[in-house]
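Accompanying notes for the structure given below.
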Amino acid sequence: GLSPLPGAADGETYTRGLEGLEAACRGYAAEGAKFAKWRATLKVSSTLPSDLAVERNADDLARYAKICQ
């Protein structure tokens, strides 16, 4: 789910859920799962997304990829 991004303006968010993901992926793989997906949302306007939001979501996507691999 989405959570407010600390320090960001205009209600920007990040996707939470990386906590416990590694154990969950191991269980899913043992049951035969072959792929996973992750969604990150960014607000887009003339001033958004902020650098903070892009960086946080990119970092989280990288962490997600590392866990899934």
Next on the checklist: Give me the residue from region 19-34 that is open to solvent by 70 Å² or more (accessible area, probe 1.4 Å) and part of a loop (DSSP other than H, G, I, E, B) and, out of that set, farthest from L5 (Cα to Cα).
Outcome noted: E31
Item to check | Selection status of A8, open to solvent by less than 60 Å² (accessible area, probe 1.4 Å) and not in a helix (DSSP H, G or I) | outcome: yes
Next on the checklist: Filter region 56-69 down to the residues that are in a helix (DSSP H, G or I) and more than 16 Å from L2 (Cα to Cα) and list them by number.
Outcome noted: A62, R63, A65, K66, I67, C68
Next on the checklist: Please go through region 35-69 and give me each residue that is open to solvent by 100 Å² or more (accessible area, probe 1.4 Å) and touching a residue at least 40 places away in the same chain (Cβ under 8 Å), ordered by number.
Outcome noted: R63
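The values are calculated or read from the model by the stated rules, or taken from the named source; none is laboratory data. Bear in mind that the values here come from a model prediction, so they are computed numbers and not experimental data. Positions of Cβ are backbone-derived with ideal geometry, glycine not excepted, and every protein chain shown enters the neighbour counts. Just the protein is used for accessible areas: all its heavy atoms, side chains included, with ligands, DNA and RNA removed. Shrake-Rupley method; radii C 1.70, N 1.55, O 1.52, S 1.80 Å.
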